[in-house]
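Data first, discussion second: the structure below is written as structure tokens.
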Amino acid sequence: MRYTRNYSDEIDRLKNEIETTDAIVIGAGAGLSTAAGFTYSGERFERFFSDFEAKYGFHDMYSGGFFPFETQEEMWAYWSRFIWCNRYIDIDNGTYKMLFELMKDKDYFVITTNVDHQFQKAGFDKSRLFYTQGDYGLFQCSEQCHDQTYDNEDIVKDMIEFQEDMKIPTELIPKCPKCGKPMTMNLRSDDKFVEDEDWHKAAERYDDFLQSHKGQHILFLELGVGYNTPVIIKYPFWRMTAKNPNAVYACLNFGEAYAPDEIVKQSICIDGDIHNILLALTH
């Protein structure tokens with residue numbers, strides 16, 4: 001059910017919940033990073049990928065990520081820029097920092113499908129984060145010959161520095177240290193996604209957090225989660241709220257602020273830009 005209540009009243013309700021709740025579970029999707037300035041088209045795309053746009057005709061980073069480049073050298077020239085501008089460059093407009101300021105003194109845990117590392121950059125405790133879908137900052141074997149991931153910042157820097165004519169030097173193509181096959185990004189896109197030891201530990205900590213607060217006054221704060229992968233955050237949040245009469249579900253989203261009929265009385269839905277909503281919550 002989509003419903004609208006008075007915007008300022010909903011802000012006040014959410015402020016009160018953040019202040020009085022026993023624990024907060026933050027569920028974050030792509031809409032949060034979009035609100036923070038991580039757009040995949042327009043000026044950011046043209047700044048980093050105008051040569052690829054001119055040659056191949058795609059007009060956003062997402063489309064480029066699926067383009068069938070003819071060579072590994074060209075593919076990694078594209079992806080190194082993609083990783084650099086979405087993982088290592090500091091462009092957050094303050095959205096994640098505002099969220100951190102709201103949460104830093106609370107008992108919180110974050111589950112997110114975002115892979116851009118912005119929670120840690122903003123100051124969130126790594127032990128309270130569960131990145132379910134991977135990290136732009138990690139490589140893995142493309143054949144999943146072993147369950148280990150590798151930090152990629154240094155090699156991505158080299159790919160950026162030494163690429164020419166939209167190609168990286170052949171010797172910079174990353175190879176698996178175990179089997180010699182090509183490396184790929186640690187992003188969940190098929191059944192070869194590596195869930196390494198850190199991934200499993202984070203999943204366990206998330207489950208422990210939920211169990212330790214079972215039945216308590218808990219706020220499920222959903223930020224910018226769409227319907228690409230609703231089974232990871234949205235549907236579990238609905239289900240856990242329905243099972244716990246002391247729980248509150250809050251959905252902050254631009255154009256998609258919904259709650260099912262079964263939990264509508266336990267819900268706070270605010271339709272708007274998350275950056276502006278957080279501004280209102282912090283003032």
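Results, tabulated for the structure shown:
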quantity	calculated
Estimated 222 nm signal from helices in the chain, with DSSP H stretches of n ≥ 4 weighted -39500 (n - 2.57), rounded to 500	-11000 deg cm²/dmol
Sequence-distant lysines (8 or more away, or on other chains) whose Cα lies within less than 25 Å of residue 106	15, 97, 121, 126, 201, 214, 234, 243, 265
Highest-fluctuation residue, 211, 163, 140 considered, GNM on the chain with Cα pairs under 10 Å	211
Cα centroid separation, segment 78-103 to segment 116-166 (Å)	13 Å
Ascending count of other beta-carbon atoms within 10 Å, so fewest first, for 279, 138	279, 138
Residues 136, 96, 227 arranged by fewest to most Cβ contacts within 10 Å	227, 136, 96
Helix axis angle, 7-20 relative to the chain longest principal axis, alpha carbon, degrees	90 degrees
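Bear in mind these aren't lab numbers, they're just calculated from the coordinates by the rules spelled out. Values in this document were obtained by computation on a predicted structure and should not be read as measured data. With ideal geometry, Cβ positions are generated from the backbone for all residues, glycine too; neighbour counts draw on all protein chains shown.
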